[in-house]
Amino acid sequence: MFRHLAAAVTALAAVTAAPAAATPGLVPAADREVAFTVDGTTAYGTLHVPEHRPGQRLRAALLLPGSGPTDRDGNQPPVSSPNTLTQLADALDGEAIATLRFDKYGTGRTGLGAYRDHPEELDYPAFVRQAQAAYESLRDQPETDPHELLVVGHSEGAMTGLVLGGTVRPRPVGLALLQPQAIRMLDLVALQLKAQVSEATRQGQFTPEQQRTVHTAIDAAVTSLRENLPLETTDLPPAIGRLFEAFQGPNARFVDSDDAVYPPDIAAALRPGTNVLLTCGTNDAQVPCATTNALTTALRHAHAGGPGRVTLPAVDHLMHDPDHPDTLAPPVLDSLHRLTRH
């Protein structure tokens, strides 16, 4: 969860064909390395172009990663490699939709760029500007139709996609908000932590009184961070105390600026009729379905188009289910198809 605005965009570079046999008369599917520059940093990504007719302009989607140091493929090496964005690109290839995914700040080939010597100045709006530059790069690719662009974001990337949906030009025709960060960041962190403490209490690790004390201390820590007050961690378990302490210092600017965004308010800027898919998984402990209620209501008031909120049975935050622990679950693929067929 941790680490608006014209941007100079420069598209580069070399084509590497995917090792698939081409259908006679069609251009084979291929990946191309692209680069774009914003705020003095060059970001690098992968443009995937499905098989298509020569000269054909394709629908295209910008893929935005979740929170933390998540790279263009949706991975945080060496800790986690679910290949979330790679799998989304593969799924959209089947819908004849080109995709661009990129290494955001602090990941992959992009790294910290202009923020390398002062990472404490990196804030959430910088990531939004970077995503906007990526959208503009996708818009300007020779194979893409600039009037048929989508934004597909996962977790924090879904919140960024929602911001882009109301600011970029041309406006995207559709948004996929997959397991989105749909409330303020620190509220979501508090909810997640309280759920963990409640489960630990159920298992006998805390008494009910200790649980109430920790819950109160979590709320107090959130208030301290928002009001720039001294942080008191005495009543917090050490791991939770260290987490809140990590939100200070070099990370404070990012945390403050991310927490300032309330996604239901952002929905009001969408163009009426924008098709929006919002997914929530019943096994998602990080973004419970209930956290998307206010955003769902705001999208309805903004007159967004369908398919709207889709509840995914037994699907977790990485969009897996028990029968598909390493790939996108079928309900996820079906929900994407429901958006793209609009």
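Here T282, T340, T291 are screened, and the one residue that is crowded, with 19+ Cβ neighbours inside 10 Å, of a type in the set (S, T, N, Q) and touching a Pro at 6+ places or on another chain (Cβ under 9 Å) is T291.
Considering only residues in segment 197-214 that are surrounded by 17 or more Cβ atoms within 10 Å (Cβ to Cβ) and assigned to a helix (DSSP H, G or I), the one that is nearest to the chain's Cα centre (by Cα) turns out to be V197. For segment 113-168, filtered to residues that are of a type in the set (V, I, T) and part of a helix (DSSP H, G or I), the residue that is surrounded by the fewest Cβ atoms within 10 Å (Cβ to Cβ) is V128. Residue under question is R341, and the condition is that it be of a type outside the set (A, V, I, L, M, F, W, C), within 26 Å of L92 (Cα to Cα) and modelled with pLDDT under 95; does it hold? Against the criterion (of a type outside the set (A, V, I, L, M, F, W, C), within 26 Å of L92 (Cα to Cα) and modelled with pLDDT under 95), R341 qualifies. Out of L312, L328, L318, L277, one residue alone is assigned by TED's automatic domain parsing to the domain that holds V152 and within 20 Å of V173 (Cβ to Cβ). It is L277. It is to be established whether one or more residues within segment 71-82 are under 14 Å from A43 (Cα atoms) and not acidic (D, E). Yes, that holds for at least one residue.
Comparison of C289, C280 shows that the only residue that is touching a helix residue (DSSP H, G or I) at 6+ places or on another chain (Cβ under 6 Å), over 25 Å from R129 (Cα atoms) and not polar (S, T, N, Q) is C280. None of L295, L318 is within 17 Å of the chain's Cα centre (by Cα) and under 26 Å from D93 (Cα atoms) except L318. Those residues that are in a helix (DSSP H, G or I) and under 18 Å from F247 (Cβ atoms), I need them from segment 169-196; list them, please. Passing the criteria: M185, L186, D187, L188, V189, A190, L191, Q192, L193, K194, Q196.
The values are calculated or read from the model by the stated rules, or taken from the named source; none is laboratory data. As the structure is a prediction and not an experimental result, all values here were calculated from the model. Don't worry about glycine lacking a Cβ; one is built from the backbone with ideal geometry, like all the others, and counts go over all protein chains shown.
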